[in-house]
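Have a look at the structure below, then the notes.
The values are calculated or read from the model by the stated rules, or taken from the named source; none is laboratory data. Given the structure is predicted, the values throughout are model-derived calculations rather than measurements. Here the Cβ positions follow ideal geometry from the backbone for every residue, glycine too, while neighbour counts run over all protein chains shown. Calculation scope for accessible area: heavy atoms of the full protein, side chains included, ligands and nucleic acids excluded. Shrake-Rupley method; radii C 1.70, N 1.55, O 1.52, S 1.80 Å.
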Amino acid sequence: MTGQTRRAGKLAMAASVLVLAMPLSAQETRLPPQPAYTMAAETTGSPEERAATMLAQMSRAEKLTLLMGYFGESFPATGYQVIDGPRAGSAGFVPGIERMGIPPQWQTDAGIGVATQGGAAVKRPRTALPSGIATAATWDREIAFNGGAMIGREARADGFNVMLGGSVNLLREPRGGRTFEYAGEDPLLAGTMVGHQIAGVQSNNIISTSKHFAVNDQETARNSGNSVIEEGALRMSDLLAFQIAHEIGEPGSVMCAYNRVNGPHACEHPFLLTQVLRDEWGWPGYVLSDWGGVHSTAPSANAGLDQESGFGLQVDGWFAADKLEAALADGSISMERIDLMASRILRAMFAHGVIDNPVEPDQFIDFATNRAVSQRDAESAIVLLKNEGDILPLAANAENILIVGGHADAGVLSGGGSSQVYPDGENAVPGIEPTSWPGPVVYYPSSPMAELVGLRPQARIDYVSGDVPELAAALAAEADVVLVFGTQWSSESIDVEMKLDGEQDAVIAAVAAANPNTVVVLQTNGPVAMPWADDVPAILEAWYPGRMGGAAIANVLTGTVNPSGHLPATFPRSLEQLPHPGAPQPGDVNYTEGATVGYKWFDAQGLEPLFPFGHGLSYTEFDYGDLSVSRAGEGLVATFRVTNSGDVAGADAAQVYVSGAGWEAPRRLGGFAKVNLAPGETKLVSVAIDPRLLTIWDMENPGWSRAEGSYTVTVAESSRDLAGSVEITLPASHLSPQWRPQ
Ligand code: BGC
């Protein structure tokens with residue numbers, strides 16, 4: 001592994017136009033020397049007041065220091081040699097100001113735990129949560145918060161005070177390579193889950209970051225692509241997911257995206273970075289760029305970008321002191337703007353405890369506790385997609401179990417790119433291509449097979465790789481039950497096909513033909529086609545299940561844990577059902593479907609998906625009753641009873657959908673609750689419905705407008721499994737762009 005590997009693809013073009021006489025260093029970018037951090041200067045009052053006090057005492061050079069971040073690793077492709085200061089192998093570093101007691105900003109990726117850059121010689125072993133889409137599949141706010149709190153705790157213990165997640169781009173394209181990092185296709189579910197994760201991270205007195213703002217919904221040509229979408233639709237989809245995440249999590253920072261949005265680059269976008277984020281949402285944090293996502297000095301700063309990130313990956317240094325000084329000199333940036341940028345950063349550092357509770361590296365990490373958090377997340381995230389004839393849980397007396405493929409004898413798959421968390425011990429399956437960026441492909445050493453052997457000590461359990469389908473089928477014919485593991489690896493900077501990798505579909509078909517008791521366990525980036533779905537009685541979607549994934553899968557297969565995950569994204573039957581069946585393209589990406597994303601598209605078009613949004617089976621049954629709906633402020637509250645009518649304990653993801661005339665789709669998710677129920681138990685559940693979900697964005701009279709009329713509220717097990725509805729008549733109303741829940 002060399003430092004060269006990191007983002008070699010992404011930067012190929014940048015590197016080819018660079019002619020560097022000597023390596024770039026701190027000196028050449030005018031970095032002040034970095035003494036140790038000491039005590040903060042005395043400040044009192046609100047974070048705003050404290051930031052203002054600090055700012056008033058700072059020199060111009062000190063202010064500029066806060067606006068420029070450095071990559072945390074050397075990067076041979078650009079000739080960059082890492083400066084003193086970053087934590088080893090980390091995403092980034094912003095120098096501190098010792099005289100003022102302002103600590104450096106030590107930045108780490110992110111969404112599933114403390115990552116290490118792929119190019120780093122030494123990987124930091126840390127606890128990986130399941131992927132972002134997996135956590136979204138729990139539909140459990142507490143699990144999202146606890147996961148965030150756990151990874152934030154590890155970040156803090158490593159001396160990081162800025163964590164570069166949660167990721168809340170909407171799943172518009174199932175082939176998007178970072179689908180695993182995000183939280184699915186619905187703005188309410190994604191925003192709610194990621195908002196709680198952000199709040200969890202920040203409960204450690206560190207800053208968390210929402211990203212990638214905005215409409216970074218595919219990886220193909222992500223640096224130059226232009227996401228084209230009508231403004232009202234944008235407000236009701238991708239932006240709403242961020243807005244909800246911000247209201248819940250209040251992230252200290254936002255990372256603007258690589259791509260362009262309706263023309264301008266996301267990191268020099270006055271509409272996104274000033275009008276929406278600041279003037280409308282009232283968000284007080286600072287915007288940092290994606291790594292190498294800046295393309296100008298004054299236009300970016302004046303549009304609302306506060307901090308350039310990752311100098312070294314890209315060596316233009318748009319916010320380097322000399323460029324900012326030149327912009328000040330020619331008047332293209334005002335000193336007021338510089339003060340605003342620096343004060344937003346300082347304010348966030350005060351507001352989130354970064355200055356009052358300085359981080360220190362090399363603190364104790366309680367891995368046993370943290371693994372339990374990860375395992376609980378995975379166990380709640382696994383979705384039982386199909387279970388005919390109750391083949392699952394595995395019969396206690398199954399004597400002869402064959403496991404096929406997916407390296408299930410060794411470990412569980414994880415997603416690649418900057419969010420890659422490395423496990424303690426070894427990669428369980430080293431050497432799979434690509435072994436460098438966008439790889440390496442990493443399997444966590446949590447073997448589903450070993451865990452199953454522990455839970456079924458009497459059974460004979462064998463493993464065969466599936467490389468030779470005929471052999472797998474011949475062995476399958478002899479087994480009582482076959483567990484086939486299907487995998488799809490994905491990573492940042494690439495898009496993927498909507499299918500399992502390689503020839504695994506053929507292996508599954510061959511095994512299913514040989515043994516009718518075939519259970520398929522999937523570990524995927526997101527939705528995949530399943531041409532064999534009708535030929536197997538049971539399918540589990542385990543996503544990338546994190547550091548304890550093997551245990552979680554074995555527990556669900558055996559019924560030690562009752563599955564309760566529900567899909568945060570529609571699984572299409574085929575590409576033809578998508579708004580854009582053709583593979584992701586560079587250039588203009590025309591999101592003509594607007595806000596009609598995912599299940600909304602399938603419902604509006606009358607398409608039958610393979611598995612609908614919200615779908616997820618259990619080993620028990622849930623019944624709904626007594627649905628009523630009442631007004632609460634500008635919104636609604638739906639109240640209903642949920643009963644566990646089966647004979648094992650379970651958790652239901654009760655979903656409330658809303659319908660109104662003239663909307664982009666027949667139904668929107670209006671609210672949800674994860675409810676734990678003992679056998680026979682009934683609970684009364686109340687679900688609040690955000691008033692914005694009863695409106696459409698009004699371009700004539702900007703804000704959220706609700707027409708007078710009849711609205712339908714439905715309680716459901718999925719977007720296609722509706723249990724009961726009530727109607728309510730509502731008057732017209734209008735909420736300003738500044739409206740937010742109290
Ligand atoms: C990714 C970000 C990440 C950053 C730092 C970028 O390539 O898009 O999500 O936080 O690198 O590693």
Phi angles of segment 87-98, converted by Karplus (6.51 cos²θ - 1.76 cosθ + 1.60, θ = phi - 60°) into ³J(HN,Hα) in whole Hz with x for Gly and Pro, give 5, 4, x, 9, 6, x, 7, 10, x, x, 10, 5
I'd like the Karplus ³J(HN,Hα) series for segment 543-552: coefficients 6.51, -1.76, 1.60, θ = phi - 60°, whole numbers in Hz, and an x wherever there's a Gly or Pro. 6, 9, x, x, 4, 10, x, x, 5, 5
Could you provide, to the nearest whole Å², the per residue accessible area of segment 620-735 with probe 1.4 Å? 40
Portion, in percent, of the accessible area of segment 56-117 that falls on carbon or sulfur, probe 1.4 Å: 49
So, in nm, how far is label Q738 from label E503 when the simple model puts each one 7 Å beyond its Cα toward the Cβ? 6.4
Estimated dipole of segment 228-384 in Debye, rounded to 20 [Cβ of Lys and Arg +1, of Asp and Glu -1, Cα centre]: 180
Report, in whole Å, the centroid distance computed from the Cα atoms of segment 594-653 and segment 313-330. 52
The extension gain from T560 to S628, computed as 0.36 nm times the residue separation minus the Cα-Cα distance, is 21.0 nm
Cβ-based charge dipole, the chain, positive-most Cα from W601, A732, V464: A732
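Can you compute the FRET efficiency between A52 and N400 using 1/(1 + (r/R0)^6), with r the Cβ-Cβ distance and R0 = 60 Å? Round to the nearest 0.05.
E between A52 and N400, to the nearest 0.05, is 0.25.
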Charge dipole of the chain built from unit charges on the beta carbon (Lys, Arg +1; Asp, Glu -1), centred at mean Cα; most positive-end Cα among G671, F319, I248 is F319
Given R₀ = 25 Å, FRET efficiency for E388-S574 by Cβ-Cβ distance, to 0.05? 0.70
Taking 29 Å as the cut-off for C-alpha to C-alpha distance, list the pairs among K63/K123; K123/K323; K63/K211; K499/K683; K123/K499 that go past it. K63/K123; K123/K323; K499/K683; K123/K499
What figure in square angstrom, to the nearest 10, would you give for the accessible area of H265 with a 1.4 Å probe? 30
Considering only protein heavy atoms, with the full assembly of protein chains and a 1.4 angstrom probe, order K499, K386 by accessible area, largest first. K499, K386
Tell me the carbon and sulfur percent of the accessible area for segment 600-657, rounded to whole percent, probe radius 1.4 Å. 45
Karplus ³J(HN,Hα) for segment 687-697 (6.51 cos²θ - 1.76 cosθ + 1.60, θ = phi - 60°; Hz, whole; x = Gly/Pro) runs 10, 7, 10, 4, x, 5, 7, 10, 10, 10, 5
Which FRET efficiency value, to the nearest 0.05, do you get for D534 and D424 by plugging their Cβ-Cβ distance into 1/(1 + (r/R0)^6) with R0 = 41 Å? 0.50
Hey, what number do you get for the chain at 222 nm if only DSSP H runs of n ≥ 4 count, each worth -39500 (n - 2.57), divided across all residues, to the nearest 500? -7000 deg cm²/dmol
I want to check the label-to-label distance for E247 and N205. Put each point 7 Å from Cα in the C-beta direction and report it in nm to one decimal. 3.1
Over the chain, relative contact order from alpha-carbon pairs under 8 Å, at least 6 apart, %: 14
For segment 475-557: accessible area per residue (Å², 1.4 Å): 24
Any aspartates and glutamates whose Cα falls less than 13 Å from that of K600, other than same-chain ones fewer than 8 residues away, would be E185, D186, E608, E664
Find the Cα radius of gyration of the chain, compare it with 2.2 N^0.38 Å by division, and give the number to two decimals. 0.94
Compute the acute angle (0 to 90°) between the alpha-carbon long axis of helix 141-157 and the principal axis of greatest extent of the alpha-carbon atoms of the chain; round to the nearest 10°. 50
DSSP bridge pairs, segment 382-601: antiparallel proportion in percent, nearest 5: 25
At 7 Å along the Cα-to-beta-carbon direction for both D462 and T435, put a label point, then send me their distance in nm to one decimal. 3.2
Given +1 on the Cβ of Lys and Arg, -1 on the Cβ of Asp and Glu, and no further charges, what dipole in debye does segment 580-645 carry about its Cα centre, rounded to the nearest 20? 140
For L684 and A477 in one chain, what is 0.36 nm times their gap in residues minus the Cα-Cα distance, to one decimal in nm? 69.7 nm
In the chain, what percentage of the DSSP-assigned beta bridges are antiparallel, given to the nearest 5? 60
Please list, in chain and number order, the residues 5+ apart from L627 or on another chain whose amide H is under 5 Å from its amide H, with Hs placed from the backbone. R641
Candidate aspartates and glutamates for bridging to K386, where Cα separation is under 13 Å - those fewer than 8 sequence places away on the same chain excluded: D534, D535, E541
When the charge dipole of segment 324-435 is computed with +1 at the Cβ of Lys and Arg and -1 at the Cβ of Asp and Glu, the Cα pointing farthest to the positive end, of A398, I338, L413, is that of I338
Where nothing but the Cβ of Lys and Arg (+1) and of Asp and Glu (-1) is charged, how large is the charge dipole of the chain around its Cα centre, in debye to the nearest 20? 1320
How much accessible area per residue does segment 345-399 have, counting only protein heavy atoms and a probe of 1.4 Å, in square angstrom? 44
If I ignore ligands, DNA and RNA and count only protein heavy atoms, how much of R87 is accessible to a 1.4 Å probe, in Å² to the nearest 10? 40
